[in-house]
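Here the structure comes first, spelled out in structure tokens, and everything after it is commentary.
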Amino acid sequence: MITKEAAQAAPAPAPTAPEPPRPAKRRRAWDEAPRWQIYLPLGIYLVFTLIPFYWILLFALRPAGSTSLVPWPMTFVHFEKVWTDRSFGTFFYNSVLVGVATLITTTLVALAGGYALARFDFKIKRAFMLGLLCSQFVPGALLLVPLFEIFAELQMINSLGSVIIAETVFQLPLSMILISNFIKNVPYSLEEAAWVDGCNRMTSFRIVVLPLLRPGLIAVGSFAFVHSWNHFLFALMFLNNQEKQTIPVGLNTLMSADSVDLGALAAGGIIAAVPVVIVFAFIQKWLITGFSAGAVKG
């Protein structure tokens, strides 16, 4: 039993140290700005962005000769006209074929070249990268004459293969640069660990690296697809037969020197835009992740 004297002799507990003051939360400039200063510029930008789209829908859905600002009564005659009478069904099929083939070939070749640039060192690597960057300053119109002569010798004029090859060549430099940056962001130690486990380089790339490149591959593939879908020049120069032409060339046939069918042109523009919008709506998450990952070296 502890006596009173022993209790008084025991040392008093040390006082607890006061908690350090928490740093004040840093206030950003837009936290102090009134909401209307944020929403007003965004609203103005949104209006100027959406008005052209509404104008296209208006011309495509209202009857010919109407001056109403509301598409009512609504009609789909312009869509039927361009799809059947103006062969837009064929143009759509050709554009899908060119876009998908360009996507596949560009992605595969850029994947192989990007891996070599990211994982191997060779003497002319810097010069090769500089050449890839400089090629982006060359306009596509300068490639028309040499490409046309090459395809004429190969008897590929008026063939979709010529457009696919031209689009792939035009897309490869930027795609290889982006893919190489994606691969640099993947730690090299992951591949080394796979080699220790008995995998060769190809197997380790397929099992370890390739799944981590999915956002980058989607970004590069979608960029190649959209560019080939919208590109007008190569299809115009290399395709003479109407059954081989793509949607951009088909839209050009709706305009003549004397008159322009605005309803048919608007309907054709919507047909050309809707597939791209749908694709980007599904892949936007991976697209943003891919471009942000490939923007800098890891």
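Annotations
- Among the residues here, ALA118 does not qualify as more than 16 Å from VAL226 (Cα to Cα), in a helix (DSSP H, G or I) and either of a type in the set (D, E, K, R) or free of Cβ contacts under 8 Å to residues at least 60 places away in the same chain (or both).
- Meets criteria (more than 22 Å from PHE238 (Cα to Cα), modelled with pLDDT of 85 or more, among the hydrophobic types (A, V, I, L, M, F, W, C) and surrounded by 15 or more Cβ atoms within 10 Å (Cβ to Cβ)) for VAL109: yes
- Checked against (1) modelled with pLDDT under 80; (2) open to solvent by 70 Å² or more (accessible area, probe 1.4 Å), ALA7 meets all criteria but (2).
- Any hit, region 67-80, residues being in contact (Cβ under 8 Å) with a residue 60 or more places away in the chain, over 30 Å from VAL186 (Cα atoms), out of contact with any Cys (no Cβ under 7 Å at 6 or more places or on another chain) and not hydrophobic (A, V, I, L, M, F, W, C): yes
- For region 173-188, the count of residues that are over 14 Å from LEU103 (Cβ atoms) and over 26 Å from the mean Cα position of the chain (by Cα) is nonzero.
- Single unsatisfied condition, VAL260 versus (1) open to solvent by 60 Å² or more (accessible area, probe 1.4 Å); (2) in contact with a helix residue (DSSP H, G or I) (Cβ under 8 Å, 6 or more places away or on another chain): (2)
- Flag if LEU239 is under 27 Å from LEU133 (Cβ atoms), out of contact with any helix residue (DSSP H, G or I) (no Cβ under 6 Å at 6 or more places or on another chain) and either crowded, with 22+ Cβ neighbours inside 10 Å or modelled with pLDDT of 85 or more (or both): no
- Among the residues making up region 43-82, those that are within 16 Å of ILE271 (Cβ to Cβ), among the aromatic types (Phe, Trp, Tyr) and part of a helix (DSSP H, G or I) are PHE53, PHE59, PHE79.
- Taken across region 83-94, residues that are over 26 Å from LEU262 (Cα atoms) and assigned to a helix (DSSP H, G or I) do not occur at all.
Conditions tested, residue by residue: (1) open to solvent by 70 Å² or more (accessible area, probe 1.4 Å); (2) of a type in the set (Val, Ile, Thr); (3) farther than 18 Å from THR105 by Cα.
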{"residue": "ASN181", "(1), (2), (3)": "no, no, yes"}
{"residue": "GLU192", "(1), (2), (3)": "yes, no, yes"}
{"residue": "TRP195", "(1), (2), (3)": "yes, no, yes"}
{"residue": "MET202", "(1), (2), (3)": "yes, no, yes"}
{"residue": "LEU210", "(1), (2), (3)": "no, no, no"}
{"residue": "ALA219", "(1), (2), (3)": "no, no, no"}
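- Residue match in region 39-59 (condition: in contact with a Phe, Trp or Tyr (Cβ under 9 Å, 6 or more places away or on another chain) and surrounded by 11 or more Cβ atoms within 10 Å (Cβ to Cβ)): no
- Evaluation of LEU174 against the conditions (1) outside any helix (DSSP H, G or I); (2) under 30 Å from LEU130 (Cβ atoms) shows that the sole unmet condition is (1).
- Counting the residues of region 151-163 that are among the aliphatic types (A, V, I, L, M) and either open to solvent by 30 Å² or more (accessible area, probe 1.4 Å) or touching a strand residue (DSSP E or B) at 6+ places or on another chain (Cβ under 9 Å) (or both) gives 4.
- Between VAL109, VAL138, VAL145, the distinction of being over 19 Å from GLN242 (Cβ atoms) and either in a loop (DSSP other than H, G, I, E, B) or in contact with a His (Cβ under 6 Å, 6 or more places away or on another chain) (or both) belongs to VAL138 only.
- Filter result for MET129 (of a type in the set (A, V, I, L, M), more than 20 Å from GLY250 (Cα to Cα), surrounded by 20 or more Cβ atoms within 10 Å (Cβ to Cβ) and out of contact with any Phe, Trp or Tyr (no Cβ under 9 Å at 6 or more places or on another chain)): no
The values are calculated or read from the model by the stated rules, or taken from the named source; none is laboratory data. In this text, all values refer to a predicted model and were calculated from it rather than measured experimentally. Cβ sites come from the backbone with ideal geometry, for glycine too, and all protein chains shown count toward neighbours. Remember, those area values only see protein heavy atoms, side chains included, never the ligands or the DNA or RNA. Shrake-Rupley method; radii C 1.70, N 1.55, O 1.52, S 1.80 Å.
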